[in-house]
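Reviewing the structure listed below.
The values are calculated or read from the model by the stated rules, or taken from the named source; none is laboratory data. All figures in this text were calculated on a predicted structure; none of them were measured in a lab. Please note: Cβ atoms are built from the backbone with ideal geometry, for glycine as well, and neighbour counts cover all protein chains shown.
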Amino acid sequence: MTVSDAYRVCERVVRSRARNFSYGIRLLPPPKRRALSAVYAFARRVDDIGDGHGPAAERLIDLGRMRAALQAPHEEPGDPVLIALADAAGRYPIPLAAFNELIEGCTADVRGADYERYDQLLTYCRCVAGSIGRLSLGVFGSEDPKTAEPLADSLGVALQLTNILRDVREDRTSGRVYLPAEDLDRFGCTLRIDGDGRFTDPPDRLGRLIRFQAERADAWYADGIRLLPHLDRRSAACTAAMAGIYRRLLHRIAARPAEALAARSSLPGWEKALVAAGALAGVSR
């Protein structure tokens, strides 16, 4: 398999699996688009293991294999994702070690970790999403990485908190609860579900809980969006599109928490395209 073939495989993964991110990735010039697609494809592979339903012991072994593959990607010569990722890392200063943080976060998922406090949840978010922000920054590039890196991390946290709110029902039916126990207690919620898969907590309490979490996530967007001036125009447009799509989704969840808890919230394709076009037009650098 050629490197070009490998990149095409990764780009297909993005088109089929990254329905929100793909709108931003399209705004990058081809070399950076290919490199970020390789980063996403490997991250998707790790996430799929963490989100899988096979025996925990087997999934932990698979995560260990992912960690080993990062150390010696050339030992899997037929793996298109590793071929593309190795090539991308040779072209851009991608901090591949950050993938180890993603693997740690997915390991926690496999082991069924829950979170008593908000700061514990933030540690998890930095592992599984802040790491992706820093990996992406390696592709984007920045003249001031020391300033840009924590902002990329903040934006990753914002996106992950949004994912958690989007997936509260789906995660709960799978036996996972990411919202901190201290916050559930604060709002008098248990997140128990009945035989029909509906939450038994009073809707007004659940609504206050979701809006409180959404306000926290929105603050992370406000911090992370300060990354844009540190990026070139196309990278900034990509980042603004991704953040804009997820932030709109967050605001929709906060405005209609009952709907978000009944079914997974999403934006229609035309709205995502509109956000992406606005991001490209709105970034002046």
Just a yes or no: is a residue in the range 237-249 surrounded by 14 or more Cβ atoms within 10 Å (Cβ to Cβ), over 26 Å from S22 (Cα atoms), under 17 Å from the mean Cα position of the chain (by Cα) and modelled with pLDDT of 95 or more?
-> no
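Residues of the range 164-175 being of a type in the set (D, E, K, R), farther than 28 Å from S136 by Cα and either assigned to a loop (DSSP other than H, G, I, E, B) or touching a residue at least 40 places away in the same chain (Cβ under 8 Å) (or both), which ones? Walk me through it before giving the result.
Looking only at the range 164-175, we keep the residues that are of a type in the set (D, E, K, R), and these are 166-167, 169-172.
Those left that are additionally farther than 28 Å from S136 by Cα: 169, 172.
Matches in the range 164-175: R169 only.
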Got at least one residue in the range 196-217 being under 25 Å from A18 (Cβ atoms), touching an Asp or Glu at 6+ places or on another chain (Cβ under 8 Å), touching a residue at least 40 places away in the same chain (Cβ under 8 Å) and not basic (K, R)?
-> yes
Quick one: L28 ticks every box in (1) outside any helix (DSSP H, G or I); (2) in contact with a Phe, Trp or Tyr (Cβ under 6 Å, 6 or more places away or on another chain); (3) of a type in the set (A, V, I, L, M) except a single one, so which number is it?
-> (2)
Is at least one residue of the range 192-215 over 26 Å from the mean Cα position of the chain (by Cα), polar (S, T, N, Q) and either surrounded by fewer than 20 Cβ atoms within 10 Å (Cβ to Cβ) or more than 18 Å from G133 (Cα to Cα) (or both)?
-> yes
For R33, indicate whether it is outside any loop (DSSP other than H, G, I, E, B) and basic (K, R).
-> yes
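Let's see how each residue does on (1) farther than 15 Å from A217 by Cβ; (2) touching a residue at least 12 places away in the same chain (Cβ under 8 Å); (3) assigned to a helix (DSSP H, G or I); (4) in contact with a Cys (Cβ under 7 Å, 6 or more places away or on another chain):
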{"residue": "G105", "(1), (2), (3), (4)": "yes, yes, yes, yes"}
{"residue": "D109", "(1), (2), (3), (4)": "yes, yes, yes, no"}
{"residue": "L121", "(1), (2), (3), (4)": "no, yes, yes, no"}
{"residue": "T147", "(1), (2), (3), (4)": "yes, yes, yes, no"}
{"residue": "P150", "(1), (2), (3), (4)": "yes, no, yes, no"}
{"residue": "A158", "(1), (2), (3), (4)": "no, yes, yes, no"}
{"residue": "T162", "(1), (2), (3), (4)": "no, yes, yes, no"}
{"residue": "V177", "(1), (2), (3), (4)": "yes, yes, no, no"}
Consider only pairs whose beta carbons are under 9 Å apart and that are at least six residues apart or on different chains; among these, list those whose first residue lies in the range 263-285 and is among the acidic types (D, E) and whose second residue is at pLDDT below 90.
-> none
Would you please name the residue that is farthest from D47 (Cα to Cα), looking only at residues in the range 15-36 that are buried (at least 17 other Cβ atoms within 10 Å of the Cβ), small (G, A, S) and at pLDDT 90 or above?
-> G24
Just for the range 78-103: of the residues that are among the β-branched types (V, I, T) and assigned to a helix (DSSP H, G or I), which one is farthest from L63 (Cα to Cα)?
-> I83
When the range 116-141 is examined, which residues are found to be under 10 Å from P180 (Cβ atoms) and crowded, with 19+ Cβ neighbours inside 10 Å?
-> L121
Residue hits (the range 57-116; within 30 Å of S142 (Cβ to Cβ), under 19 Å from the mean Cα position of the chain (by Cα) and among the β-branched types (V, I, T)) are V81, I94, I103, T107
